[in-house]
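Quick one: the structure is below, and I'll ask about it shortly.
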Amino acid sequence: MKMNNWITNATKVRAWAANQDPSDKLSAVMLSLMLGDSAETDELRSTYWTAIRSIGGTMEGFPSARRGRESTLTDEQEVIVANVEETVASAIASIPTEYHAILLAVIVPHGRTGGVFNDFSDYIDSIKSKAHDYMAKAIKETRWDGLEVDGDGVPQIVPMPTKAEKEENEEE
């Protein structure tokens with residue numbers, strides 16, 4: 001595994017791991033990350049990454065491999081976006097369990113999809129995906145550079161103009 005791929009993937013896993021309860025599996029993932037960081041060859045990094053995927057893949061919320069087209073984001077943007085996504089997921093996951101049932105009863109997937117979320121984990125994944133999509137759109141529309149965050153890690157995104165603001169600009 002090339003070093004820049006290692007850095008991107010490892011950063012996503014570290015952001016995810018920061019929000020996990022301690023466990024033997026998590027310790028094994030973190031040890032493999034540490035060993036991979038100091039690996040001298042791409043082949044050795046690949047070996048450690050295989051172990052990380054094998055162990056982490058059995059854990060809830062473990063960052064999945066990218067599917068589809070290659071990302072248009074830089075490595076630095078990928079790291080920032082991944083950190084924000086994990087913070088959003090952690091914030092939603094911290095909602096006390098006694099509120100999960102009511103949220104799942106009244107908040108549903110996209111209107112055209114129909115049905116309800118299978119469980120709170122699916123709801124968290126949906127919110128995380130919406131956060132990702134919003135950040136990617138902000139970068140594409142140059143409302144955010146994908147890098148600027150405040151001291152708390154909050155992305156400094158220029159909000160989309162309101163309908164009234166758009167109409168006002170069209171009149172001018």
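The values are calculated or read from the model by the stated rules, or taken from the named source; none is laboratory data. These numbers were taken from a predicted model, which means no experiment stands behind them. Positions of Cβ are backbone-derived with ideal geometry, glycine not excepted, and every protein chain shown enters the neighbour counts.
So which of I127, I95, I102 ends up being among the aliphatic types (A, V, I, L, M), part of a loop (DSSP other than H, G, I, E, B) and not assigned by TED's automatic domain parsing to the domain that holds I7?
Sole residue among the options that is among the aliphatic types (A, V, I, L, M), part of a loop (DSSP other than H, G, I, E, B) and not assigned by TED's automatic domain parsing to the domain that holds I7: I95.
I'm checking my understanding of the structure. Among residues of the stretch 105-121 that are surrounded by fewer than 16 Cβ atoms within 10 Å (Cβ to Cβ) and touching a residue at least 12 places away in the same chain (Cβ under 8 Å), which one is farthest from I92 (Cα to Cα)?
Per the criteria, the residue is V116.
Please name all residue pairs, on different chains or six or more residues apart, with Cβ atoms under 6 Å, provided the first residue is in the stretch 36-49 and is not assigned by TED's automatic domain parsing to the domain that holds V13 and the second residue is crowded, with 16+ Cβ neighbours inside 10 Å.
none
Next up: Confirm whether E70 is part of a loop (DSSP other than H, G, I, E, B), among the charged types (D, E, K, R) and surrounded by fewer than 10 Cβ atoms within 10 Å (Cβ to Cβ).
Against the criterion (part of a loop (DSSP other than H, G, I, E, B), among the charged types (D, E, K, R) and surrounded by fewer than 10 Cβ atoms within 10 Å (Cβ to Cβ)), E70 qualifies.
For K128, state whether it is surrounded by 10 or more Cβ atoms within 10 Å (Cβ to Cβ), closer than 22 Å to Q20 by Cβ, among the basic types (K, R) and out of contact with any Leu (no Cβ under 7 Å at 6 or more places or on another chain).
Yes, satisfied.
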